[in-house]
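A short write-up of the structure that comes next.
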Amino acid sequence: MEVLRNMPFLGWGQPMQNQVTSNQCEMLYESRRTEEEVDRKSFQGAIVVAEFHKKIKEAFEVFDHEVNNTVDVREIGTIIRSLGCCPSEGELHDLIAEVEEEEPTGYVRFEKFLPVMTKVLLERRYRSIPEDILLRAFEVLDPLKRGFLSKEELIKYMTEEGEPFSQEEMEEMLSAAIDPESSTIHYKDYVTMMVTDEN
């Protein structure tokens, strides 16, 4: 029994040189827990990035008519909006400048578009405006509180106020927003439809 007491690894008889204190155990535990948490977050982040890549690829492929990993530069805005982003015209031009070739060809390659769009989605840039704010904006344009705007009123606001819509944007919005029978936009219904479509 005396032999066992004098062995340092058992801690009897003499103090151990390599004995781990409870504080060191806690630090080791916290360190491992932090590493596991970082690993888990890294793994979750990788999954999010992979999902974004898949969505971006799918949206891009819709407009890649020649199946050569390029799209017409004029389609970039539609692709970006289909991914739930709503950049202004100025922001869109900046994005296009970032993904276009040094010598503009009129086409954008997927390899250049993917990292830029992934960063945009990760940073949650150009998010859409919440439903209540959109509704209030339409209500400002409707001082009589009728619940609708005429096609003519809408065209006037879209072309003369703030950042003007392009002809293509205006036609796209009018075709989706205007009730063909009354030639009006019932903006509460339109806002609800827009928000539902984005989700």
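Miscellaneous remarks
- Carbon/sulfur fraction of accessible area - the range 102-158, other protein chains in place, 1.4 Å, %: 58 percent
- Accessible area of the range 49-98 belonging to carbon and sulfur atoms, whole % at 1.4 Å probe: 52 percent
- Burial ranking of peptide ranges 119-130, 181-192 (average Cβ count within 10 Å, highest at the top): 181-192, 119-130
- Gyration tensor (alpha-carbon) shape descriptor, the range 77-199, a/c threshold 1.5: prolate
- Remark: the range 140-190 carries 67 Å² of accessible area per residue (probe radius 1.4 Å; ligands, DNA and RNA excluded).
- Burial ranking of peptide ranges 56-69, 78-91, 160-173 (average Cβ count within 10 Å, highest at the top): 78-91, 56-69, 160-173
The values are calculated or read from the model by the stated rules, or taken from the named source; none is laboratory data. All figures in this text were calculated on a predicted structure; none of them were measured in a lab. All Cβ positions, even for glycine, are placed from backbone atoms using ideal geometry, and neighbour counts span all protein chains on display. Keep in mind that these areas ignore ligands, DNA and RNA; they rest on the heavy atoms of the full protein, side chains included. Shrake-Rupley method; radii C 1.70, N 1.55, O 1.52, S 1.80 Å.
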